[in-house]
1. For the range 59-182, what is Rg from Cα atoms divided by 2.2 N^0.38 Å, rounded to two decimals?
2. Under a point-charge model restricted to the Cβ atoms of Lys and Arg (+1) and Asp and Glu (-1), what is the dipole moment magnitude of the chain relative to its Cα centre, in debye to the nearest 20?
3. Where the Cα atoms of the range 208-300 are projected onto their three principal axes, how long is each span, largest first, in whole Å?
4. Let me know the whole percent of all Cα-Cα pairs from the chain that are separated by more than 38 Å.
5. Arg60 to Lys179: extension gain in nm, 0.36 nm per residue of separation minus the Cα-Cα distance?
6. Of all chymotrypsin sites (Phe, Trp or Tyr not before Pro) in the range 66-125, which ones are in loop regions per DSSP and have a Cβ with at most 16 other Cβ atoms within 10 Å?
7. Excluding same-chain residues fewer than 8 positions from Lys152, which lysines have a Cα within less than 18 Å of its Cα?
8. Mind checking which of Gly259, Gly187, Gly169 has the largest fluctuation in a GNM of the chain, springs on alpha carbons under 10 Å?
Amino acid sequence: MGIQRGVSIYSYQENYYLRKMSFEDCIRAVSETGAKGVELIAEMHCPKEYRDPSPDFVARWHDWMAKYGTKPAALDVFLDYKLYDNRMLTEREMVAFFKNNFDFAKKLGFPVIRGMIAVPLPILRDIIPILEDYGLTYGTELHAPISPWGSKMQGIFELIDRTGTKNMGFIPDMSMWCKTAPRLVTGEYLRKGADPEIVERICQRYDERVPQDEVNAEALRMGAGPLELAAMHNVFSHARYDGTEWLREYADKVVHVHGKVYEMDENCEEKYIDYEPVVRILQEAGFDGWICTEYEGQRSYHDPLYGPGGADEVEQVRRHQVQLKRLLGA
């Protein structure tokens, strides 16, 4: 298959929330970009069908896939281990929770399950035989600021190597490769009255790869208060791992990719993320799967940055697909 282009319809969340786009509209919008893959958060778009889909819904889903020439790419799953206010789910309940989601994924045709970093290692170990039975692949999302060298991700890599499973891997999120601080993430704090000079200095120091504790001290000397320090925390929550070569070591464990988008410019370039070397490494490693656009700029919808009309989710996704097509040479 090679690298294929898809879209997480989470990217259209503001339009969907405001009822400007229906579930079907989101799928149509994906197809209109030329992308073929659809990534779904079922709790968001079909909560009444989630985990126990009716035959009518399953048929309608497959009809949509045929109608728009799209394919299921990945199902996003969150382990709701705090369903009860007086206790955590037991390990048996957690495994059953995943099995139920695997049933849903199988009925809708999703080949990949995206899970979160908080899932305990014993649960990941116990779901491997179920994944193998279902013919599904599970990927833990590696998202900034989590480090690939941290104990949790290293534990997952070790589990995969020890078991030899081909049904588990990880999903790098492109937030791992921010080349500069996404300026739009500071808009909320500026709107609330943060000092623009201090906030911009924080962003500049981030871009210069200065350690956060040094930036914190400098910001305090400049008179930073709670708003400025909150902006700094947000800025430094975006990873600054220099280079992409570490990805080669783990490329054989990549099962899906989140194509994070903060802001696309008019030339169809993501302004803050260094895409080219990551895509090149994935191509050279023979990655066989989906890169799905995941636009999150709408989180700044109500900032003056975008004016009264807000950010155009559909246009931002379209631009990102143009960039991906260019980088992939297809």
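Please treat every number below as a calculation from the coordinates, not as lab data. Keep in mind that this is a model prediction, so the values were computed, not measured. When we count neighbours, we look across all protein chains shown, and the Cβ atoms used for this are built from the backbone with ideal geometry, even at glycine.
1. The reported ratio for this selection is 1.16.
2. Charge dipole, the chain, about its Cα centre: 620 debye, nearest 20.
3. 50, 30, 22
4. The answer is 16 percent, as a whole percent.
5. Taking 0.36 nm per residue and subtracting the Cα distance, the gain is 38.7 nm.
6. Taking the range 66-125 and a limit of 16 other Cβ atoms within 10 Å, the loop chymotrypsin sites (Phe, Trp or Tyr not before Pro) found are Phe78.
7. Lys253
8. Highest fluctuation of the listed residues: Gly187.
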